[in-house]
Amino acid sequence: MSCIHDNLNAIQHTIQAAINDAHRPADAVKLIAVTKTVPPQLIQQAYEWGQRRFGENRVQEIVAKASLLPADIEWHMIGHLQSNKVKTAVKTSRIIHSADSASLLRKINECAAVMKLRQEVLLQVNITGESTKFGVSLSCLEELLLVALGMPNINCCGLMTIPPFIATDDELRHWYRKLKDYRDRLEKKHRILLPELSMGMSGDYGIAIREGATCVRIGTAIFGERAT
Ligand SMILES: *Cc1c(COP(=O)(O)O)cnc(C)c1O
């Protein structure tokens with residue numbers, strides 16, 4: 001058995017343990033295997049294990065890899081999206097996790113309309129307010145959500161966040177809980193459902209799941225350290 005299979009088995013166990021701790025349903029969490037810089041042969045190994053959801057932070061990587069890998073793979077765009085890449089992102093991505101401005105939403109809506117589909121998007125939230133981060137600030141989130149809700153070819157199905165690179169478990173718990181609280185409030189206030197919370201990476205997905213994550217985006221723990 002390959003190392004990637006071992007890693008995926010171990011992660012699956014950790015995910016189930018966190019789900020049990022939090023008294024959530026067994027299928028409450030989707031694992032997105034993050035494959036940036038990972039060559040197709042290794043992605044294929046994860047596929048053979050049974051993994052079907054993969055995440056990339058560049059649209060060109062999705063296009064290049066999708067052409068070499070099985071068609072039933074579900075690609076997730078998790079990185080910052082430039083407006084000139086939106087058309088390709090809509091063509092290839094099951095969910096765009098990184099919508100963070102009204103202009104980007106407009107462009108996604110336009111492209112989705114041309115392709116006669118409803119694009120699933122998550123609003124990326126800059127939960128800490130760090131100026132170096134992409135994502136909408138918490139103070140502008142509601143306004144952006146209303147923009148998204150007004151677009152016929154966009155299905156806004158939740159929120160995504162990337163926590164600070166260096167944080168203690170308590171701090172991570174705090175940020176993840178905060179995102180979920182905001183989500184809960186927005187759902188109540190606008191009588192809508194925002195079921196997806198995309199949060200949790202290799203180092204902290206157990207914490208994120210206990211705080212309500214529905215999508216965890218895991219790279220290093222599956223494929224090893226990335227050569228940067
Ligand atoms: C790279 C990346 C991940 C995965 O990070 P790991 O620490 O390798 O698990 C998750 N989310 C986003 C947005 C990323 O760019």
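For the reader, a short list of remarks on this structure follows.
- Selected residue (criterion: surrounded by the most Cβ atoms within 10 Å (Cβ to Cβ)) from residues of region 110-132 that are away from the ligand (no atom under 16 Å from the Cβ) and within 18 Å of Leu194 (Cα to Cα): Gln119
- Selection status of Val90, among the aliphatic types (A, V, I, L, M) and farther than 17 Å from Ile62 by Cα: no
- Here the condition is being crowded, with 19+ Cβ neighbours inside 10 Å, away from the ligand (no atom under 14 Å from the Cβ), touching a residue at least 12 places away in the same chain (Cβ under 8 Å) and over 15 Å from the mean Cα position of the chain (by Cα); of Val38, Val86, Val29, it holds for Val86 alone.
- Residue count for region 109-145 satisfying the condition of being farther than 30 Å from Ala167 by Cβ and over 16 Å from the mean Cα position of the chain (by Cα): 10.
- Residue pairs whose Cβ atoms lie under 6 Å apart, separated by 6 or more positions or on different chains, with the first residue in region 153-176 and closer than 21 Å to Leu122 by Cβ and the second of a type in the set (A, V, I, L, M, F, W, C) and at pLDDT below 95, are Thr161/Ile127; Trp175/Ile127.
- Restricted to strands (runs of 3 or more DSSP E) entirely inside region 59-128, no element has at least 3 residues that are of a type in the set (Val, Ile, Thr) and touching a Pro at 6+ places or on another chain (Cβ under 7 Å).
- Lone unmet requirement of (1) out of contact with any Leu (no Cβ under 9 Å at 6 or more places or on another chain); (2) at positive phi; (3) not polar (S, T, N, Q) for Cys3: (2)
- Criterion (surrounded by 13 or more Cβ atoms within 10 Å (Cβ to Cβ), of a type outside the set (Val, Ile, Thr), within 16 Å of the ligand (Cβ to nearest atom) and free of Cβ contacts under 8 Å to residues at least 60 places away in the same chain) met by exactly one of Ser137, Ser202, Ser198: Ser202
The values are calculated or read from the model by the stated rules, or taken from the named source; none is laboratory data. This is a predicted model, so every value here is computed, not measured. In this analysis, Cβ positions are derived from the backbone assuming ideal geometry, glycine residues included, and neighbour counts consider all displayed protein chains.
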